[in-house]
Amino acid sequence: MTFLAARRPGAGPPARVTLLGVPYDTTASFRRGSRFGPDAIRHASDSIETYSPTLDRDLEDASFVDAGNLNVEGLHPTAMVRAILRQMPPGVPFLLGGEHTVTLGAVRGITPRFPDVTVLQWDAHTDLRDAYDGQHTAHATVMRRLLDGALPLVQFGVRAGTREEFALARERCLHSSRSLTPPPGLLDMLRTRSLYLTVDIDVLDPAVAPGTGNPEPDGAAYADLLGALRGLAGCRIVGMDLVEVAPALDPSGRTAIIAASLVREMLLLFGA
């Protein structure tokens with residue numbers, strides 16, 4: 001049994017973190033398959049120990065449950081976003097994608113509870129297009145929709161996008177760079193806010209995590225990403241997601257294993 005499947009909701013006190021799979025990739029623009037990501041991450045977790053020697057913590061001590069997958073098959077992107085919004089779990093939601101559009105539903109779902117929320121995005125792409133393939137709600141527009149909703153946005157690891165997207169990021173984001181960590185002054189400010197963390201697996205180099213729909217060269221190393229997340233220990237994390245794992249595009253299976261390891265580390269950092 002995977003360490004995720006072992007934590008189904010049941011009797012007892014409410015869990016701090018609820019994992020929720022969103023198997024959706026309708027707006028994928030290059031290679032689909034991220035709808036299989038949530039189950040692949042769960043399956044890969046069978047190979048991951050519950051103890052993290054890096055953090056010296058064990059999932060046995062973390063407060064989380066896995067609520068399974070939402071039924072979003074065949075929905076229009078805007079309907080999928082509404083489905084997430086309607087079914088947001090209590091506590092800290094941790095969504096497993098699925099394409100990056102799922103972030104829009106999660107952030108809109110928690111904003112009424114945390115009006116001061118700031119979104120921290122680790123991603124190879126800016127995702128700041130106004131429309132893509134005629135869709136205003138899509139994986140390539142998700143961060144633009146958040147900015148349009150006046151939500152503060154911080155971008156890390158970004159190395160791909162249009163000229164217009166990079167100009168918009170400089171103008172409207174609190175911070176946008178290839179760096180994985182905020183500068184000290186920004187970090188001090190983030191410690192005073194509620195934070196939503198969204199990690200697109202393609203922030204990692206394709207040599208590390210090839211199983212994703214839009215891989216970009218010259219990406220981050222796993223240890224550097226984990227170090228960046230550890231730098232937020234003690235911050236007020238109110239929601240998280242890990243998206244764009246497409247297992248069929250990686251016959252080795254290492255992308256799903258890396259994703260499962262990231263899930264463990266994020267649960268231990270922010271769910272204990």
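The values are calculated or read from the model by the stated rules, or taken from the named source; none is laboratory data. Computed from a prediction, not measured in an experiment: that's the story for all the values here. Note that we place each Cβ from the backbone using ideal geometry, even for glycine, and neighbour counts take in every protein chain shown.
The residue list 218, 250 contains one member that is closer than 21 Å to residue 36 by Cα, among the charged types (D, E, K, R) and at pLDDT 95 or above, which is 250. The one condition from (1) more than 16 Å from residue 54 (Cα to Cα); (2) assigned to a loop (DSSP other than H, G, I, E, B) that residue 232 does not meet is (1). Listed by first and then second residue, the pairs linking a residue in the range 106-125 that is within 17 Å of residue 219 (Cβ to Cβ) to a residue that is assigned to a strand (DSSP E or B) and at pLDDT 95 or above, with Cβ atoms under 6 Å apart and 6 or more places separating them unless they lie on different chains, are 121/155; 121/198; 122/156; 122/199; 123/200; 124/160; 125/160. Note on the range 119-156: residues that are in contact with a Gly (Cβ under 7 Å, 6 or more places away or on another chain) and among the small types (Gly, Ala, Ser) amount to 1.
Take the conditions modelled with pLDDT of 95 or more, surrounded by 15 or more Cβ atoms within 10 Å (Cβ to Cβ) and polar (S, T, N, Q) and apply them to residue 192. Does it pass? Answer is no for this residue.
Residue-by-condition table, conditions (1) assigned to a loop (DSSP other than H, G, I, E, B); (2) under 12 Å from residue 210 (Cα atoms); (3) at pLDDT 95 or above:
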position: 226; (1), (2), (3): no, no, yes
position: 237; (1), (2), (3): no, no, yes
position: 241; (1), (2), (3): no, no, yes
position: 256; (1), (2), (3): no, yes, yes
position: 265; (1), (2), (3): no, no, yes
position: 272; (1), (2), (3): yes, no, no
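Residues considered: 197, 180, 249. Of these, the only one that is more than 16 Å from the chain's Cα centre (by Cα) and among the aliphatic types (A, V, I, L, M) is 249. All conditions in (1) surrounded by fewer than 19 Cβ atoms within 10 Å (Cβ to Cβ); (2) touching a helix residue (DSSP H, G or I) at 6+ places or on another chain (Cβ under 8 Å) hold for residue 90, with the sole exception of (2).
Within the range 202-224, the set of residues being touching a residue at least 60 places away in the same chain (Cβ under 8 Å) and either of a type in the set (D, E, K, R) or not in a loop (DSSP other than H, G, I, E, B) (or both) comprises 202, 203, 216, 220. Taking the range 100-188 as the region of interest, the helices (runs of 4 or more DSSP H) fully inside it that hold 1 or more residues being surrounded by 17 or more Cβ atoms within 10 Å (Cβ to Cβ) and among the β-branched types (Val, Ile, Thr) are 102-110, 142-148.
Within the range 163-178, residues that are touching a residue at least 12 places away in the same chain (Cβ under 8 Å) reach partners that are assigned to a helix (DSSP H, G or I) and surrounded by 15 or more Cβ atoms within 10 Å (Cβ to Cβ) with beta carbons closer than 6 Å, at six or more positions or on different chains, in the pairs 172/147; 176/169.
Of the listed requirements (1) in a loop (DSSP other than H, G, I, E, B); (2) at pLDDT 95 or above, residue 89 misses just one: (2).
Of the residues that make up the range 41-51, is at least one out of contact with any Lys or Arg (no Cβ under 8 Å at 6 or more places or on another chain), among the polar types (S, T, N, Q) and surrounded by fewer than 15 Cβ atoms within 10 Å (Cβ to Cβ)? Yes, the range 41-51 contains a residue that is out of contact with any Lys or Arg (no Cβ under 8 Å at 6 or more places or on another chain), among the polar types (S, T, N, Q) and surrounded by fewer than 15 Cβ atoms within 10 Å (Cβ to Cβ).
Among residues of the range 34-50 that are within 16 Å of residue 209 (Cα to Cα) and of a type in the set (Val, Ile, Thr), those with a Cβ under 7 angstrom from a residue that is modelled with pLDDT of 95 or more and assigned to a helix (DSSP H, G or I), sequence gap 6+ or separate chain, pair up as 41/256; 41/259; 41/260; 41/263. Here residue 78 fulfils each of the conditions (1) surrounded by fewer than 17 Cβ atoms within 10 Å (Cβ to Cβ); (2) closer than 25 Å to residue 265 by Cα; (3) not acidic (Asp, Glu) apart from (2).
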